[in-house]
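K.L.:
A single structure is presented below for examination.
The values are calculated or read from the model by the stated rules, or taken from the named source; none is laboratory data. Worth saying up front: this structure is predicted, and the values here are computed from it rather than measured. As a convention, Cβ positions derive from the backbone with ideal geometry for all residues, glycine included, and neighbour counts pool all protein chains shown.
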Amino acid sequence: MSKAYKEAGVDVEAGNRAVGSMKGAVEATFNSQVLSRLGDFGGLFDLTQVCRLNKPVLVASTDGVGTKVEVARVMKRWDTVGQCLVNHCVNDILVQGAKPLFFLDFIGCHELVEEVVAKVVQGMAKACSSWDVALLGGETAEMGAVYGLDGLEVAGTIVGVVERDSIIDGHGIKEGDVVLGLPSTGLHTNGYTLARQLLAGVDWTKHELEGETIGEHLLKIHRCYLPEAKRLWEAGLTVKGMAHVTGGGIRGNFRRVLPSRLGAELSLAGAPKLPVFQMLRELGGLSFDDMEGAFNMGVGMMFVLSPDEAAQAQELNAEFFSLGRVNGDGEIRVRP
């Protein structure tokens, strides 16, 4: 390998060792539809099964975990952020009714530390295996001139498929429909820039919150809601709309799926009260509106169903809690 390249800041050998460390975990995500090998220039995915659908539509999304990687760096724990990324991306296409097919990752860093990269990708592979998603390929870029010392970025792209007639786009939502929620596991992958600012004077490794350190709370794995959605579909229920509560909070993300003429009256009274959000609010002296605009406040995914089918959904899964109803005034209001 080039000695000059290494001296310039790119360690190709470290990259090769990292690939070797993650090889088994990545290949474990390969199914019969994967026709390529780890290390090929491009990932090959057989679309034969997809083409058996009447009118298959591919759904793609790209996202990252933001500054959650800074928490991982401080805590020296890298096994959760990869899982968070995959779960986040699965949720993003799930809201349109899509089943995930394959995933591609990107890791950018100041200096490639093989153990760190391997653990992040192994986390991705673990999540991919859970949801029958092939980790088809990726890129690790060592760019000291772009990323600051110890800097790391984790992002990825997911591709899924949905039958055209089964696309969920909110067009069938009407006044009187019920909005249900499923709990988040914490901050998920949004709001970390504000959270880290509020926690700047706190030792994340020692302060405890319900028996866990603050760092452990911040690194909790972003929940994937694919099993819960599939259970509703398999029961024959019509999910009219879904919103993954990410950046922009409850109001901002629900607006993305609600027809412009409609609004909603929502309340978090039935949502779980996660202590991490109460702690952040008290530390920053923040208003409810400030919190709701930056964090998910314990609501990870929102579902819109007719009143009758909402009741059936809650019978199927006791985790569903009521958030409120759709109204006709065009405004979305969220109360504590």
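K.L.:
Could you tell me which numbered condition Ala269 fails, if it satisfies all but one of (1) part of a strand (DSSP E or B); (2) touching a Pro at 6+ places or on another chain (Cβ under 8 Å)?
P.N.:
It is condition (1) that Ala269 fails.
K.L.:
Here is a further query. Return the pairs, sorted by first residue and then second, in which the second residue is among the aromatic types (Phe, Trp, Tyr) and buried (at least 16 other Cβ atoms within 10 Å of the Cβ), the first residue lies in segment 196-217 and is under 20 Å from Thr80 (Cα atoms) and assigned by TED's automatic domain parsing to the domain that holds Met297, the beta carbons are less than 9 Å apart, and the residues are 6+ apart or on different chains.
P.N.:
From residues that are under 20 Å from Thr80 (Cα atoms) and assigned by TED's automatic domain parsing to the domain that holds Met297, the pairs are Thr213/Trp204; Ile214/Trp204; Gly215/Trp204; Glu216/Trp204; His217/Trp204.
K.L.:
Then there is this: Could you count how many residues in segment 300-336 are in contact (Cβ under 8 Å) with a residue 60 or more places away in the chain and within 23 Å of Lys273 (Cβ to Cβ)?
P.N.:
Residues in segment 300-336 being in contact (Cβ under 8 Å) with a residue 60 or more places away in the chain and within 23 Å of Lys273 (Cβ to Cβ): 20 in total.
K.L.:
I need the full set of residues from segment 207-239 which are of a type in the set (Val, Ile, Thr) and farther than 19 Å from Arg196 by Cα, in order please.
P.N.:
Across segment 207-239, the qualifying residues are Thr238, Val239.
K.L.:
Now for a separate question. Would segment 220-228 turn up any residue that is in the same structural domain as Ala271 (by TED's automatic domain parsing), assigned to a loop (DSSP other than H, G, I, E, B) and more than 19 Å from the chain's Cα centre (by Cα)?
P.N.:
The answer is no; no qualifying residue exists.
K.L.:
Same structure again: Does Pro100 satisfy being surrounded by 17 or more Cβ atoms within 10 Å (Cβ to Cβ), at pLDDT 90 or above and under 21 Å from Ser166 (Cβ atoms)?
P.N.:
When the stated conditions are applied, Pro100 passes them.
K.L.:
For Leu149, are the conditions met, namely being crowded, with 22+ Cβ neighbours inside 10 Å and over 20 Å from the mean Cα position of the chain (by Cα)?
P.N.:
no
K.L.:
Can I ask one more? Hey, any hits in segment 297-305 for a residue that's surrounded by fewer than 16 Cβ atoms within 10 Å (Cβ to Cβ) and not aliphatic (A, V, I, L, M)?
P.N.:
No, because not a single residue in segment 297-305 is surrounded by fewer than 16 Cβ atoms within 10 Å (Cβ to Cβ) and not aliphatic (A, V, I, L, M).
K.L.:
Please determine whether any residue of segment 118-130 is crowded, with 17+ Cβ neighbours inside 10 Å, among the basic types (Lys, Arg), outside any loop (DSSP other than H, G, I, E, B) and in contact (Cβ under 8 Å) with a residue 60 or more places away in the chain.
P.N.:
The answer is yes, given that some residue of segment 118-130 is crowded, with 17+ Cβ neighbours inside 10 Å, among the basic types (Lys, Arg), outside any loop (DSSP other than H, G, I, E, B) and in contact (Cβ under 8 Å) with a residue 60 or more places away in the chain.
K.L.:
List pairs: first residue in segment 26-42 and more than 18 Å from Gln122 (Cα to Cα) and assigned by TED's automatic domain parsing to the domain that holds Leu101, second residue acidic (Asp, Glu) and assigned to a loop (DSSP other than H, G, I, E, B) anywhere in the structure, Cβ distance under 6 angstrom, at least six positions apart or on different chains.
P.N.:
What qualifies is Gln33/Asp46; Leu35/Asp46.
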